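The values are calculated or read from the model by the stated rules, or taken from the named source; none is laboratory data. These numbers come from a predicted model, not from an experiment. Cβ: placed from backbone, ideal geometry, glycine included. Neighbour counts: every protein chain shown. In case anyone asks, the SASA skips ligands and DNA or RNA and just uses the protein heavy atoms, side chains included. Shrake-Rupley method; radii C 1.70, N 1.55, O 1.52, S 1.80 Å.
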Amino acid sequence: MAKRQKSEPTRETRRVAQLVPFPSQTDVYDSLPPHELQALADDIAENGLREPIVILPKNAAGFRENSILDGTQRLEAIKLLGWTRVPVLVRYDLTSASRAEVTRQFVSPNLRRRQLRPLQQARAVVFEYQTRQTYPLGRLADAQDPELHTLLAETLNVCHRHLKRVLRILDAPLSVQRACDAGKLKMVLAERVSNLSEDAQRVIAERIEAGEDPNAVVTEFLPPPDVDDSIEAAVQEFMYRLTDAMKFLGPRVAEVDQFSKPLTIPRHCQTIQEFTALLKDLKARLRRQGDTSGA
């Protein structure tokens, strides 16, 4: 009697050595920092693996059997613990799925669950969107795709101007994006990398990966800005950072009670208002100065 083929997700176990990353893992998601990975390992050691690692069976889409759809970081933590076998959820329901459907199943859970940095989140959104398209998007900075723009704006909760900056940065090498996301490279510099030649971008990426200071490396390849542009760029950079900070703090009002000095919060808010007014005045002065010099 022929063995009945499974068609529903099934919990099984696998040897750790059998599991392999999904092909696009490193193109979309970053690895956890060592201290966070160790914290995850400690939690698994104390509480067990709360969720199994999700993997593919043999499939018609052509991906390797035992490719990880969800749980790559959990697997890395398990390796720190020295486990040799691990519980998995095998997605037999994807046995006959298309490559696009399997890819969406890889992106979606991670996009919902993981605490992603903005550019990493944007990469995931674009990657998932591309799997549904029948045409190449080409350079993201030049993409005139309203649906993609809407998806990114809603996911990142940013204005159109900031979105254009994000799209330009997404055209830069991954090492540049990751340095920007980690706060090691200014956004105003990161977005300009995508306009450089492929050779220049390759050298920048290699030097950043080698451990050089990203700001210094990128600056070497850029023409020096004039004084007014550098001031304006500094103002814009601060406003973007301020917007991101306020977006982060906005939904966390309940946590204000955890501050040891709650009365400082209104003062911080007042300071932000004062500084915003100062920036508006500075911008106005810069415009007037530009009008005067051009007269």
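Please give the FRET efficiency for L196 paired with A61, using the beta carbon to beta carbon distance and R0 = 41 Å, rounded to the nearest 0.05.
Here the calculated transfer efficiency is 0.70.
Roll a 1.4 Å probe over the protein heavy atoms and report the accessible area of I55 in Å², nearest 10.
Its accessible surface works out to 0 Å², give or take rounding.
If DNA, RNA and ligands are ignored and the probe is 1.4 Å, what is the ranking of V218, V203 by accessible area, most exposed first?
Result of the area sort, largest leading: V203, V218.
Based on the alpha-carbon gyration tensor of the stretch 89-215 and its eigenvalue square roots a ≥ b ≥ c, which shape applies: rounded if a/c is under 1.5, prolate if not and a/b is larger than b/c, or oblate?
Since a/c reaches 1.5 and a/b is larger than b/c, the shape of the stretch 89-215 is classed as prolate.
By the scheme Lys and Arg +1, Asp and Glu -1, what is the net charge of all other residues having a beta-carbon under 13 Å from that of K79?
Local net charge: +2.
Counting only protein heavy atoms, what percent of the accessible surface of the stretch 1-117 is carbon or sulfur at a 1.4 Å probe?
Accessible surface attributable to carbon and sulfur in the stretch 1-117 totals 48 percent.
Report D27's accessible area, 1.4 Å probe, all protein chains in place, as a number in Å² to the nearest 10.
80
With both partners inside the stretch 2-107, how many of the DSSP beta bridges are antiparallel, as a percent to the nearest 5? Walk me through the numbers on the way to the answer.
Details: 8 of 13 bridges.
Restricted to the stretch 2-107, the bridges split so that about 60 percent are antiparallel.
In whole Å, how far is the Cα centre of the stretch 162-202 from that of the stretch 10-79?
If we compute the Cα centre of each part, the gap is 29 Å.
Express in nm, to one decimal, how much length is gained between D145 and K184 on full extension, taking 0.36 nm for each residue of separation and deducting their alpha carbon distance.
11.0 nm
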